[in-house]
Every structure is written in structure tokens, then in C-alpha cells.
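Below: one structure, written as C-alpha cells.
The values are calculated or read from the model by the stated rules, or taken from the named source; none is laboratory data. Quantities reported herein were computed from a predicted structural model and do not represent experimental measurements. All Cβ positions, even for glycine, are placed from backbone atoms using ideal geometry, and neighbour counts span all protein chains on display. Only protein heavy atoms, including side chains, enter the accessible area calculation; ligands, DNA and RNA are left aside. Shrake-Rupley method; radii C 1.70, N 1.55, O 1.52, S 1.80 Å.
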Amino acid sequence: KLKGSIGFFAPVSPSDSLKLMLQSDMLLLLHTARDNSGRFLINGKFYDYIAAGRPIFYIGQPSDLHWHEIVKTGLGHVATNTKPVITKAIKSAFDSWCAGESDLSDIDKSPYSRESQYSEVAKLIKGL
């Protein structure tokens, strides 16, 4: 059912990247490092994806911060980096999309805004 539905693109400008995100039904985010670095970082692309308002399909580990935020807030679907788990998660994501359950408009995205993040960093710096 999904054949021909997944697109891969050469590097594009930030503005073209945003246009592609807004045209997409779901956005893929990977953190497949075989270490525990996912417990300590959230990359900038995660915030871009939230701003785009599209569900995120995350492949990583349950201990990762991305995983935690996606599950906690309902921002998308998660899977560990194994074929059976990814296949099951893709089917679940596709079923949600078919049922019209992929709308993120009700999710409060304000904690993920640049302004909110800058405010949090400022608090940390003042506390030093």
C-alpha cells in the first residue's frame, strides 16, 4: 500500500525544506546511534518537525528524549530500529492516517517554540 508513497530528496535550502515538510503527511526522524547519546539530546530538526505540525515517525530507543516527548505529547509514532517493530509501527501510523487521526492541531506546540527554548536556556544560565 505504501509503495511510491515515501520520498527521498537531495539536500535543499531551509525554505524548501519547510515547504516539503508542510506537503508531507509524516516526517521521519532517526537516531540510531548504538550508544546512549539519545538520552541527552534533542536535535533541531525535531523542533522544525513540530513547527511544521506533521506527525513524526521516530526510529530510536525508548530511553531517547525524542521518544519520550513524542509518546508523552502524541506527536507521532515510535519504533526501535528493527524490521518487525518498524513494520508494525508503519502499519499503525498508516492506519491512523487513513482514519484521519494524524492532525496535530490540538497539541500545544508552544513549549517547543524557539522563544520557549531560549527562555529555558536563559534560566539555566542565570542559575550558574
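Expressed as a whole percent, the accessible area of the chain that falls on carbon and sulfur atoms is 58 (1.4 Å probe). Between Phe40 and Thr82, the contour length at 0.36 nm per residue exceeds the Cα-Cα span by 12.9 nm. In percent, rounded to a whole number, the relative contact order of the chain is 20, using alpha-carbon pairs under 8 Å and six or more apart. Under 13 Å from a label point set 7 Å out along the Cα-to-Cβ vector of Glu120, the amide N atoms of region 17-46 belong to 40-44, 46. Take the Cβ atoms of Asp106 and Asp48, set R0 to 22 Å, and the FRET efficiency comes out at 0.65. Amide H to amide H distances under 5 Å link His77 with Ile56, Phe57, Tyr58, where only residues 5 or more positions off or on other chains count and H is placed in the peptide plane. In the full protein context, region 18-128 carries 64 Å² of accessible surface per residue, based on a 1.4 Å probe and ignoring ligands, DNA and RNA.
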